[in-house]
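I have placed the structure first, in the form of structure tokens, so that the comments after it can refer back to it.
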Amino acid sequence: MPTCAILDDYQGVSTSLADWSPVGDAVVLRPFRERFETQDALVAAIADCEIVVIMRERTPFPASLFARLPRLRLLVTSGMRNAAIDLAAAKAHGVTVCGTASASEPPVELTWALILALARRVVPEANALRAGGWQSTVGADLAGRRLGLLGLGRIGARVARIGLAFGMEVSAWSANLTPERAAAEGVALSPSKAALLADSDVVSIHLVLAERTRGLIDAAALALMRPHALLINTARAAIVDEAALQAALAEGRIGGAGLDVFETEPLPADSPWRSLPNLLALPHLGYATQANYRTYFSEAVADIRAFLDGKPVRVIG
């Protein structure tokens, strides 16, 4: 009977948020809550597995890993896009890669949780209250301020609608964004990335990671932002130059940042991200909701069952 590894099940919910009975008599499940720090450790744990289920991009699957997993036949990822999988290598090693649906609402909601918490100083005020304090800061208003969106796709458009509901002025920019598309969402098309950064009180990133977006927000881009402006990133860490943002925050050149994504995850214990006072950092919670997890694991079960039955699966790449 084939073995199915479930990687990076941090919360230990993979088998409780989905019904695995459709494959219960066909595979042996092997969930892993811990993260494997080295490829050697990962290979030692799953070398005998024919099927592997992965959560987003928590564990990369480069060519070197596929070469060390000769028994692997099916790789299932949550979502239909995963930049951490070498699809060409998967094909070369005869591994089918398929995915699942993924809702856009959870990252939209988390984006606004970050914006609101930063603007109203929720975390420091809550911590001060627990320590015996009472009202030590003055929150920033959102109504009448400008929200600048880098990207106006499924997630960016939903973020825009909420900004408009709060009474914010909303503008957007991306390399391919048209005036017609922006107008359809009721937002202004910014003439350039530079203009959006310079004019916005809150900048939120909702772009796909690609070569042209990697490092898009660098030191020069951050220098354009207003001293009180907030930067929010719930998209992909590599879109922002991490060293440049750390410097901007440490020197107080922007008002603050809310981040849910990092180049190295989980964060090392000594990461500078853990100590910056004007940073609200979360451990990549954007898609981690009960409904989304039910979708991920339920559709992973369906993918596995279809693969075992020789039926079509939702192939990526």
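Of all positions in segment 138-154, at least one carries a residue that is within 18 Å of Thr213 (Cα to Cα), of a type in the set (Lys, Arg) and either in the same structural domain as Pro124 (by TED's automatic domain parsing) or surrounded by fewer than 16 Cβ atoms within 10 Å (Cβ to Cβ) (or both). Kindly indicate whether any position in segment 202-215 is farther than 19 Å from Arg120 by Cα, of a type in the set (Asp, Glu) and either in contact with a helix residue (DSSP H, G or I) (Cβ under 6 Å, 6 or more places away or on another chain) or surrounded by 20 or more Cβ atoms within 10 Å (Cβ to Cβ) (or both). There is no residue in segment 202-215 that is farther than 19 Å from Arg120 by Cα, of a type in the set (Asp, Glu) and either in contact with a helix residue (DSSP H, G or I) (Cβ under 6 Å, 6 or more places away or on another chain) or surrounded by 20 or more Cβ atoms within 10 Å (Cβ to Cβ) (or both). Quick check, is Leu75 of a type outside the set (Phe, Trp, Tyr), modelled with pLDDT of 95 or more and within 15 Å of Phe307 (Cβ to Cβ)? Spelling it out, Leu75 is indeed of a type outside the set (Phe, Trp, Tyr), modelled with pLDDT of 95 or more and within 15 Å of Phe307 (Cβ to Cβ).
Filter segment 239-261 down to residues that are small (Gly, Ala, Ser) and surrounded by fewer than 17 Cβ atoms within 10 Å (Cβ to Cβ) and give me whichever is farthest from Gly139 (Cα to Cα). Per the stated criteria, the residue is Ala243.
The values are calculated or read from the model by the stated rules, or taken from the named source; none is laboratory data. The structure presented is a predicted model; accordingly, all values stated were derived computationally and were not measured. Every residue, glycine among them, receives a Cβ derived from its backbone with ideal geometry; neighbour counts consider all protein chains shown.
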